[in-house]
Amino acid sequence: MSDPFTALLSTGLQAVGSIMEGNAGYSQGMYESGVARENARRSRESAGQIRLAGQMAEEAKRREVRRSLGRSAAAISQAGIGAPGTGSAGAALKQAATEGEYDVNVLKYGYDTEAYGQEVEALNYDAEAQNARRRARQARQAGFIGAAGEVFSGYANYSGQRAQNKLLQTPYPPSRRGPRRSGVDIGIPRRGP
């Protein structure tokens, strides 16, 4: 049987340990939340850069298509095939313009798709950060609840030990007839050697 002071000290240390464990879990969760928030910021920044690069590539492709159409119109005009907007030459130029616009749209779609992927990744990181913060708060609460449980358990053990000590300090159990005594206790001489 341990003494009550040791039991109380042990309970206090266990409670402090529970609180420290909860605080460590809180710190870890908040760190993970910060990392996820930073990753979300970088993903959004990357999406913006991809969209900007897509706009620049789209404009460059449009200039290229316009230059190509201009060279084709000049070649048609120089060859004397006809006016650059009429007949089969006009149809060829319209077809080239349509294909050029299609190429621009395909290029734009590729950049938009990549930027959208980065934005979705940012949203996933935001959700991860929120979950990490929730886990951090729960870890801290669990630490305090665990400490309270340790204190109540320790108090119950302490109370039980005190009651047990009181019972052990009583010289004999109470009864109606009084204590049992042997013959030696009441002064009856012994027989024999």
Requested in this report: Apply the Karplus parameterisation 6.51 cos²θ - 1.76 cosθ + 1.60, with θ equal to phi minus 60°, to every residue of the range 10-22 and state each ³J(HN,Hα) to the nearest whole Hz, in sequence, with x for glycine and proline.
Outcome: 4, 4, x, 5, 5, 5, 4, x, 5, 5, 5, 5, x
Requested in this report: Could you work out how far apart the two model spin labels at Glu45 and Ala74 are, taking each label as a point 7 Å from the Cα in the direction of the beta carbon, and quote it in nm?
Outcome: 4.4 nm
Requested in this report: Using only Cα atoms, figure out Rg for the range 19-172 and give it as a multiple of 2.2 N^0.38 Å.
Outcome: 2.42
Query raised in the report: Say each of Asp103 and Phe5 gets a label point 7 Å from the Cα, pointing the same way as Cα to Cβ; how far apart are those two points in nm?
Result: 9.1 nm
Report task. Report, please, the projected area of the range 60-130 averaged over directions, based on the convex hull of its C-alpha atoms, in nm². Result -> 5.3 nm²
Report task. Keeping all protein chains in position, work out how much accessible area Ile81 exposes to a 1.4 Å probe, and write it in Å² to the nearest 10. Result -> 120 Å²
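The values are calculated or read from the model by the stated rules, or taken from the named source; none is laboratory data. Nothing here was measured: the structure is a model prediction, and the numbers come from that model. Ideal geometry is used to build each Cβ from the backbone, glycine not excepted, and the neighbour counts take in all protein chains shown. Just so you know, the surface numbers come from the protein's heavy atoms only, side chains and all, with ligands and any DNA or RNA stripped out. Shrake-Rupley method; radii C 1.70, N 1.55, O 1.52, S 1.80 Å.
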